[in-house]
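Okay, structure first, notes after.
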Amino acid sequence: MHCERVYFYAHPEQALREVEWIHYGRYLDERIKGKPTQYITRRQEFFGREFRVTPDVLIPRPETELLVETVLKLRPALGTFVDVGTGSGCIAVTLALEVRGSGYAVDVSAAALRVARHNASAHDAGVRFVQGDLLSLFADGVFDVVVSNPPYVPLRDMTGMQREVRDWEPHLALFAGESGLAVYERLVPEAWRVLKPGG
Ligand SMILES: C[S@@+](CC[C@H](N)C(=O)[O-])C[C@H]1O[C@@H](n2cnc3c(N)ncnc32)[C@H](O)[C@@H]1O
């Protein structure tokens, strides 16, 4: 219906038009098949802002707001930053907007980067996006902050996962080898390499 929730509750008399019934039926069918609501509405709120999400990106989780808060607490002025595995761009865009600064964001997925670029431009955030494997494209000692919410689910956990996650979210965003630590094991030494002293 393209209306605010408050309008929806204030107008119980408003009937759906035929075209709205048709859309509703399609959305309901998708939801019954397990598609997460955020991939149906194509949006998710993060840190008080709306982000576009598609099945090419992980749906931003509320817990990840804690990561942003922690970075802002540790480094209120932020400096030069890079977000590794940016997905929808929610972390990088939020950091850039919160400090009115700019930074970099990397993802290995070109499709995810298209969504992230859309989000950065929708919010007019100063983030430069690059496609690459972790931090391999960056020189030594250039960043004050490296932030990341990398994939960390062990492959062996796949069978027991909620179907909304396992069957719909990108596996590249979820799984990190048998132990779940495959990305961390490469990311931590790389982060040390690209950080400035004291970063
Ligand atoms: C858990 S998701 C996080 C997405 C987003 N930062 C968030 O917090 O909602 C991990 C992201 O890392 C990306 N990724 C996985 N392996 C990567 C690699 N080797 N180099 C760069 N990005 C990678 C995935 O494509 C995915 O977008």
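Each reported figure results from applying straightforward, stated rules to the coordinates on display, with no laboratory input. Fair warning: this is a prediction, and the values are worked out from it, not measured in the lab. Cβ placement follows ideal geometry from the backbone for every residue including glycine, while neighbour counts extend to all protein chains displayed.
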Two pseudo-spin positions, 7 Å from Cα along C-beta at residue 186 and at residue 140, lie apart in nanometres by 2.1
Per the helix-only model, the chain has a calculated mean residue ellipticity at 222 nm (DSSP H runs of ≥4, -39500 (n - 2.57) each, divided over all residues, rounded to the nearest 500) of -11500 deg cm²/dmol
Arrange 159, 54, 86 by Cβ neighbour counts within 10 Å, fewest through most, would you? 159, 54, 86
From the backbone phi of segment 184-197, what are the Karplus-calculated ³J(HN,Hα) couplings (6.51 cos²θ - 1.76 cosθ + 1.60, θ = phi - 60°) in whole Hz, Gly and Pro given as x? 4, 4, 8, 5, 5, x, 5, 5, 4, 5, 8, 6, 6, x
Please compute the modelled spin-label separation between residue 128 and residue 155, points set 7 Å along Cα→Cβ, answer in nm with one decimal. 3.6
Evaluate the charge dipole of the chain about its Cα centre and quote only its size in Debye, nearest 20, assuming +1 on the Cβ of each Lys and Arg and -1 on the Cβ of each Asp and Glu. 180
Could you pull out every residue, at least 5 positions away or on a different chain, whose amide H is within less than 5 Å of the one on residue 128? Hs are placed 1.01 Å off N in the peptide plane, and Pro or chain starts have none. 103, 104, 105
Amide H neighbours of residue 51 at under 5 Å, excluding residues fewer than 5 places away on the same chain, with H built from the backbone geometry, are 44, 45, 46
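Given R₀ = 35 Å, what would the calculated FRET efficiency be for residue 23 paired with residue 108, taking r from the Cβ atoms and rounding to 0.05? Don't skip to the end; give the middle numbers.
Values: r = 34 Å, r/R0 = 0.97.
Computed FRET efficiency for residue 23 and residue 108: 0.55.
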Placed amide H near residue 56: partners under 5 Å, 5+ positions off or other chain: none
Got a sec? Charge dipole of segment 34-194, +1 on Cβ for Lys and Arg, -1 for Asp and Glu; which of 123, 141, 84 is way out at the positive end? 123
Can you give me the C-alpha center-to-center distance between segment 16-74 and segment 116-183, rounded to a whole angstrom? 17
Which net charge results for the neighbourhood of residue 35, defined as the other residues with beta-carbon distances under 12 angstrom from its beta-carbon, given Lys and Arg at +1 and Asp and Glu at -1? 0
Let a ≥ b ≥ c be the square roots of the eigenvalues of the Cα gyration tensor of segment 34-194; is it rounded (a/c under 1.5), or, if not, prolate (a/b larger than b/c) or oblate? oblate
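Can you list which of the GluC sites (Glu not before Pro) found in segment 100-194 are DSSP loop residues with at most 15 other C-beta atoms within 10 Å? Please report the intermediate quantities before stating the final value.
Details: sites: 164, 178, 185, 190; in loops: 178.
Those that pass, being in a loop and sparsely packed, are 178.
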How large is the dipole of segment 48-137 about the Cα centre if only Lys and Arg carry +1 and Asp and Glu carry -1, each at its Cβ, rounded to the nearest 20 debye? 180
Label point distance in nm, residue 70-residue 164, each placed 7 Å from Cα along Cα→Cβ: 2.4
So which trypsin sites (Lys or Arg not before Pro) in segment 32-109 pass both tests, a DSSP loop state and at most 11 other Cβ atoms within 10 Å of the Cβ? 33, 100
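What fraction of the DSSP beta bridges in the chain is antiparallel, stated in percent and rounded to the nearest 5?
Values: 4 of 19 bridges.
Percent antiparallel among DSSP bridges in the chain is about 20.
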Treating the beta-carbon of each Lys and Arg as +1 and of each Asp and Glu as -1, no other charges, what is the dipole magnitude of segment 123-187 about its Cα centre, to the nearest 20 debye? 120
I need the GluC sites (Glu not before Pro) found in segment 40-96, filtered to DSSP loop residues with at most 12 other beta carbons within 10 Å of theirs. 63
